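Presented below is the structure to which this report refers.
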Amino acid sequence: MHRSLGTAVYTLGSSPKERERLRQQSADLRSHSVTLLDQVELGPGGSAIDLGCGPSGALDLLADRVGPNGQVTGLDSNPTHVALARSFAREFGLNNVTVVESDARRTGLPAASFDLAHGRLLLINIPVPEEVVQEMVRLVRPAGWVVADEADTGFPLCYPPHPAWNRLCEIFVTSYQQDGADPYIGRRLPELFRRAGLVDVGVEARADVHPIGHARRTLVPDLVRSMRPKILERGLAGEQELRELDRTVRRHLADRRTLVIPFLYFLTWGRKPEASGHPRIN
Ligand SMILES: C[S@@+](CC[C@H](N)C(=O)[O-])C[C@H]1O[C@@H](n2cnc3c(N)ncnc32)[C@H](O)[C@@H]1O
């Protein structure tokens with residue numbers, strides 16, 4: 001866990017494998033972010049911030065939307081992720097992107113300085129997500145947009161069913177909850193947005209089915225691998241059980257007849273009212 005910014009929690013750690021998984025994730029969730037950005041107004045010359053951008057996040061997509069005269073800020077609390085995001089921007093010639101190290105709950109950036117605040121799989125790591133949503137609202141100008149794509153682990157689907165899959169999901173959810181984060185955050189997004197005073201709130205859910213060979217087909221065992229030290233430390237499972245579950249679940253998922261939808265994702269958007277002092281709650 002990275003602790004340089006006080007109480008920041010990132011339950012999945014920052015091993016080289018986890019960093020690689022996050023880079024791959026950016027590519028895999030690209031279509032979600034395209035859908036989300038299509039719901040809002042962000043065009044050439046605009047400004048956007050990607051909170052909890054990780055090693056790449058949606059920086060390229062946002063940079064593309066705002067064009068060379070626009071400005072994108074990536075923000076992450078993990079200095080390793082910040083360094084990787086900077087190299088990502090350099091590597092892909094994203095000259096309109098700057099990356100800063102800060103806590104998404106208290107960025108220290110000026111209020112009303114962006115047209116759009118974006119967060120993907122950030123709130124699922126935050127014990128009090130309201131704090132980040134409020135900060136996102138503060139960061140956008142009146143009539144600007146706040147958008148988020150968050151998972152909800154409440155409906156993991158594996159068919160044919162397998163007890164090892166159920167057990168792995170149970171371990172995953174319990175460990176996440178013990179970090180104080182909410183693995184069912186996805187369904188709460190529209191409510192969080194409305195309570196923060198956003199209007200024109202919209203939501204769309206995604207249930208991605210991953211075929212053999214797709215990186216996210218093994219998302220649950222991969223995440224459990226990233227969380228392994230914590231799971232062992234907390235006594236949620238022993239070394240041998242984890243090894244056996246990992247092997248059994250991966251074998252089950254390697255069978256092309258197995259259908260898997262690891263999580264649901266909720267794409268949510270909302271607009272800051274023009275007159276920010278008197279929000280219209282919809
Ligand atoms: C699951 S990753 C998602 C990365 C990226 N948004 C994406 O979708 O590819 C979550 C990221 O949030 C960052 N993070 C966690 N807590 C944070 C906080 N309080 N402030 C800023 N970043 C945070 C982590 O360091 C990590 O890079």
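The values are calculated or read from the model by the stated rules, or taken from the named source; none is laboratory data. Being a predicted model, the structure only gives us computed values, none of them experimental. Cβ coordinates were reconstructed from backbone atoms using ideal geometry, including for glycine residues, and neighbour counts include every protein chain displayed. These area figures cover heavy atoms from the full protein model, side chains too; ligands, DNA and RNA do not enter into them. Shrake-Rupley method; radii C 1.70, N 1.55, O 1.52, S 1.80 Å.
Brief remarks on what is shown
- Gain on full extension, evaluated as 0.36 nm per residue between THR80 and ALA27 minus their Cα-Cα distance, stands at 17.1 nm.
- Springs join every pair of Cα atoms under 10 Å in this Gaussian network model of the chain, and among GLN134, GLN178, GLN71 the largest mean-square fluctuation is at GLN178.
- For the chain, the calculated P(r) over all alpha carbon pairs, in 10 Å bins from 0 to the bin holding the longest distance, is 7, 29, 36, 21, 7, 1 percent.
- Helix-derived mean residue ellipticity, 222 nm - over the chain, DSSP H n ≥ 4, -39500 (n - 2.57), to 500: -11000 deg cm²/dmol
- In the chain, taking the dipole from charged Cβ atoms about the Cα centre, the farthest positive-side position among TRP165, GLN25, ALA275 is held by TRP165.
- 19 Å tail of the calculated P(r), segment 16-108, as % of Cα pairs: 37 percent
- GNM flexibility winner over the chain from VAL173, VAL147, VAL137 (Cα, springs under 10 Å): VAL173
- Theoretical FRET efficiency, 1/(1+(r/R0)^6), r = Cβ-Cβ of GLU244 and ARG187, R0 35 Å, to 0.05: 0.65
- Cα-centred dipole magnitude for the chain, charges only on beta-carbon of K, R (+1) and D, E (-1), debye, nearest 20: 420 debye
- 0 to 90° range, to nearest 10: angle between helix 163-178 axis and the chain longest Cα axis: 40 degrees
- Remark on segment 207-282: ratio of C-alpha radius of gyration to 2.2 N^0.38 Å is 1.73.
- Mean separation of Cα pairs under 8 Å and 6 or more residues apart, divided by the residue count, gives the chain a relative contact order of 21 percent.
- Segment 46-171, accessible surface, carbon-and-sulfur percent (1.4 angstrom probe): 56 percent
- Segment 1-158: antiparallel DSSP beta bridges as a percent of all, rounded to 5: 5 percent
- Cα-based helix-to-principal-axis angle, 239-253 vs the chain, degrees rounded to 10: 80 degrees
- Pairwise label distance in nanometres, SER15 with ALA215, each label 7 Å out on the Cα-Cβ vector: 1.7 nm
- For the chain, excluding the exposed loop sites themselves (trypsin sites (Lys or Arg not before Pro), DSSP loop, at most 14 other Cβ atoms within 10 Å), the longest remaining stretch covers 4-233.
- Cα long-axis angle, helix 79-91 against the chain (0 to 90 degrees, to the nearest 10): 70 degrees
- Residues in segment 234-272 that a label on LEU157 would reach, taking backbone N under 16 Å of a point 7 Å out along Cα→Cβ: 257-266
- Across the accessible surface of segment 195-262, with the other protein chains kept in place and a 1.4 Å probe, carbon and sulfur atoms take up 48 percent.
- Over the chain, accessible surface divided per residue gives 44 Å², non-protein components excluded, 1.4 Å probe.
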